[in-house]
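Take a look at the structure below.
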Amino acid sequence: MDIASHALWSAAAGIVARRKLKQPIRVGLVALWGVLPDIVVFAIPAAVRIWRYVSGASKTLLPDGSGPHFDWAWSVYNFTHSAVVFAVCFGAVWLLLRKPPLEMLGWALHIVIDVFTHRGIFAVKFLWPISSVHIDGIRWEEPWFLGANFTALAAVYLLLWKYRVRDPSSEEHRAKHLSA
């Protein structure tokens with residue numbers, strides 16, 4: 001799925017979790033964790049391609065066979081999209097903080113979404129490094145799926161807005177009370 005959708009789905013999940021659990025969940029951090037698996041993998045190759053294009057070293061932003069190859073990115077992709085790696089990291093942070101780092105669940109949601117919305121070379125090996133098992137899901141960039149995804153996001157945010165509650169842990173609520 002695209003980065004904007006990951007951020008929006010993760011933030012929506014964070015808002016719902018904060019309301020249901022009545023926990024001070026930082027929605028911005030949930031959204032950050034929701035995009036981090038892709039940022040970690042694609043930021044350096046994207047920056048290098050942009051630099052090569054801007055500097056005139058390449059005539060395209062797409063891979064053209066010239067310039068550096070980013071073969072290491074596939075290992076990082078498997079790492080950041082692994083439920084096994086997530087579980088180990090989540091458990092380690094939980095032990096360190098002595099409480100579950102609920103914001104990190106944005107990362108878990110990212111993996112779950114990508115398992116069903118990626119195929120081919122981007123199919124998520126969600127049990128890596130234990131197994132290479134994967135599901136050939138729907139391609140997220142299919143026009144009908146993009147339309148359905150953004151329609152669902154609009155509906156979710158409309159419902160969140162319609163059923164918003166005075167959440168004492170929300171940033172908006174705190175800002176109102178601090179300025180009063």
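The values are calculated or read from the model by the stated rules, or taken from the named source; none is laboratory data. Fair warning: this is a prediction, and the values are worked out from it, not measured in the lab. A quick note on method: Cβ atoms are made from the backbone with ideal geometry, for glycine too, and the neighbour counts reach across all protein chains shown.
When each of R19, R52 is tested for being farther than 29 Å from W144 by Cβ, out of contact with any helix residue (DSSP H, G or I) (no Cβ under 7 Å at 6 or more places or on another chain), at pLDDT below 90 and surrounded by 15 or more Cβ atoms within 10 Å (Cβ to Cβ), the lone residue that passes is R52. Just one of the numbered conditions (1) out of contact with any Pro (no Cβ under 8 Å at 6 or more places or on another chain); (2) assigned to a helix (DSSP H, G or I); (3) buried (at least 18 other Cβ atoms within 10 Å of the Cβ); (4) not β-branched (V, I, T) is not true of S58: (2).
Which residues, counting only those in segment 100-124, are touching an Asp or Glu at 6+ places or on another chain (Cβ under 6 Å) and either among the β-branched types (V, I, T) or part of a helix (DSSP H, G or I) (or both)? Don't jump to the end; show me each part of the working.
Step one: of segment 100-124, the residues touching an Asp or Glu at 6+ places or on another chain (Cβ under 6 Å) are 119, 123-124.
Within segment 100-124, V124 is the sole residue that qualifies.
Would you call G65 in a loop (DSSP other than H, G, I, E, B) and at pLDDT below 85? Judged against the criteria, G65 is a match. If you go through segment 76-83 one residue at a time, do you hit one that is farther than 18 Å from A123 by Cα, within 24 Å of the chain's Cα centre (by Cα) and of a type in the set (A, V, I, L, M, F, W, C)? Looking for residues that are farther than 18 Å from A123 by Cα, within 24 Å of the chain's Cα centre (by Cα) and of a type in the set (A, V, I, L, M, F, W, C), one finds none in segment 76-83, hence no.
Within segment 40-63, being in contact with a Leu (Cβ under 9 Å, 6 or more places away or on another chain) and not small (G, A, S) holds for R49, I50, R52, Y53.
Filtered by the rule that a residue be of a type outside the set (S, T, Y), loosely packed, with under 15 Cβ neighbours inside 10 Å and modelled with pLDDT of 95 or more, segment 113-134 gives F116, L127, P129, I130, V133. For segment 22-41, a residue qualifies if it is within 20 Å of Y77 (Cβ to Cβ) and surrounded by fewer than 17 Cβ atoms within 10 Å (Cβ to Cβ), and the qualifying residues are I39, V40. For beta carbons closer than 6 Å, sequence separation of 6+ or different chains, a first residue in segment 74-99 that is in a helix (DSSP H, G or I) and a second that is surrounded by fewer than 12 Cβ atoms within 10 Å (Cβ to Cβ) and among the aliphatic types (A, V, I, L, M), the qualifying pairs are V84/I130. Checked against (1) more than 20 Å from the chain's Cα centre (by Cα); (2) surrounded by 15 or more Cβ atoms within 10 Å (Cβ to Cβ), G14 meets all criteria but (1).
Here are P45, P63: which of them is surrounded by 15 or more Cβ atoms within 10 Å (Cβ to Cβ), over 17 Å from the mean Cα position of the chain (by Cα) and of a type outside the set (D, E)?
Details: P63 fails: surrounded by 15 or more Cβ atoms within 10 Å (Cβ to Cβ).
Result of the check over P45, P63: P45.
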